[in-house]
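Everything on this sheet refers to the single structure shown next.
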Amino acid sequence: MATRNSPMPLGTAQGDPGEAGTRPGPDAGLQDTGAATQLKMKPRKVRKIKAIIIDLGSQYCKCGYAGEPRPTYFISSTVGKRCPEAADAGDIRKGTLVGHELLNTEAPLKLVNPLKHGIVVDWDCVQDIWEYIFRTAMKILPEEHAVLVSDPPLSPSSNREKYAELMFETFGIPAMHVTSQSLLSIYSYGKTSGLVVESGHGVSHVVPISEGDVLPGLTSRADYAGGDLTNYLMQLLNEAGHEFTDDHLHIIEHIKKKCCYAAFLPEEELGLVPEELRVDYELPDGKLITIGQERFRCSEMLFQPSLAGSTQPGLPELTAACLGRCQGTGFKEEMAANVLLCGGCTMLDGFPERFQRELSLLCPGDSPAVAAAPERKTSVWTGGSILASLQAFQQLWVSKEEFQERGSMAIYSKC
């Protein structure tokens, strides 16, 4: 964890999505025998199979088996499209590269992310990612596994319908379920009610949930998150005399994770002598750079998005406004007592404490209590693992037969 007193971080700039350790809790739910889902397969007999959990995020697609405490695979959500004009006649190499296929390739590539602010905008890329997950990463036959897929808050209903079409028609899975990312996040905390504050790589949400029911009419959204924080850090470093470009964003991302933090009282940090703030960072080429106030100034964007040119309110203001909308609903007190941080952007050292301070100042009469689970950057996936493992959940799978009878509308009966 990075604080102003952290030792000098040295290393390359290849972010490690697997930094999260094994999750400490709630193991009781993970031991439910429902993890081996019973489904009717061809030939007609009942087989025990393990369900697969897929959480497609803006930076990584997390996947693994239900019943596990954390994802087994972190696949980059960015894919490489080969430039048609650069291909020779008769070239039969793959047109789209995913995961490790992107490494050590000499072919000119156009990098494409299929999500924009958490919403899918390129379904062909999503199909390529899932194909890679099933065939290359997990090395499984998708027609032998039920799949639970997460869906971002406030996404169009067409998202879920397209998920169903892809899974059933393209991959031939026997059963699936699609559910809200926020709902899965709250399950990772072992709760069914609370105010979920999610900030990942591409989008942030504040979502009130009461007894397992997501309340979309009271939900807040902001189109800034960890990716914008990385861009802002690059801007600050360049203003300090460095020369980074978009080609170096993976380096900036690593600097952010290893060196940066959220200051509890930023005005006090500004008064520190430079030696108390500075750390050295070794670039992949061996060059050392010194980072000072940028270490905490970058995180201020989450509290003052105007610093990066956004007109949207900061995360504490967004949360306070959501709590205000809960006034008169009968569960505002419960929401304030269970403010749950989720997503990789909230992993910044010092962020939970600073967020608690700012929210308390904005809502002095509500006594908000902020919780920050150690492995909250994979909270969506972990919640899915818990849910798909419960025996009571098994009746909520949408089967392939139901899809064939009713089409994509079948998902609305159970999802």
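Read the figures in this text as sums done on the coordinates, not as results from a lab. Since the structure is predicted, the reported quantities are computational estimates derived from the model, not experimental observations. Neighbour counts run over all protein chains shown; Cβ positions are idealised from the backbone, glycine included.
Give me the net charge of Leu288's neighbourhood, meaning all other residues with Cβ under 13 Å from the Cβ of Leu288; Lys, Arg count +1, Asp, Glu -1. Once positives and negatives cancel, what remains is -1. Over every Cα atom in the chain, the radius of gyration and the widest Cα-Cα span, Dmax, amount to 22.1, 73 Å.
Annotation: the antiparallel percentage among DSSP beta bridges lying fully within the chain is about 70. Close amide H contacts of Val196 (hydrogens built in the peptide plane, cut-off under 5 Å, sequence separation of 5 or more or a different chain): Val207, Ile209, Leu340. A simple count of charges around Thr78, restricted to other residues whose Cβ falls under 13 Å of its Cβ and scoring Lys, Arg +1 and Asp, Glu -1, yields -2.
By the count of other C-beta atoms within 10 Å, a proxy for reagent exposure, Trp381, Trp123 are ordered fewest to most as Trp123, Trp381. Residue pairs exceeding 21 angstrom between C-alpha atoms, taken from Lys62/Lys400; Lys258/Lys287; Lys94/Lys400; Lys116/Lys162; Lys62/Lys116; Lys50/Lys94: Lys62/Lys400; Lys94/Lys400; Lys50/Lys94.
Put in line by how crowded their Cβ is, counting other Cβ atoms within 10 Å and starting with the fewest, Ser210, Ser188 read Ser210, Ser188.
Computed over the Cα atoms of segment 223-371, pair by distinct pair, the Kirkwood hydrodynamic radius stands at 16.6 angstrom.
Applying the criteria of a DSSP loop state and at most 12 other Cβ atoms within 10 Å to the GluC sites (Glu not before Pro) of segment 158-226 yields Glu211.
Return the FRET efficiency for the residue pair Thr311, His100: r is the Cβ-Cβ distance, R0 is 45 Å, and the value is rounded to the nearest 0.05. Using R0 = 45 Å, I get an efficiency of 0.70. Our estimate of slack between Leu249 and Leu141, defined as 0.36 nm per intervening residue step minus the Cα-Cα distance, is 35.4 nm.
For Leu109 and Ile289, FRET efficiency with R0 = 45 Å and r from the beta-carbon atoms, rounded to 0.05? The value I calculate is 0.95.
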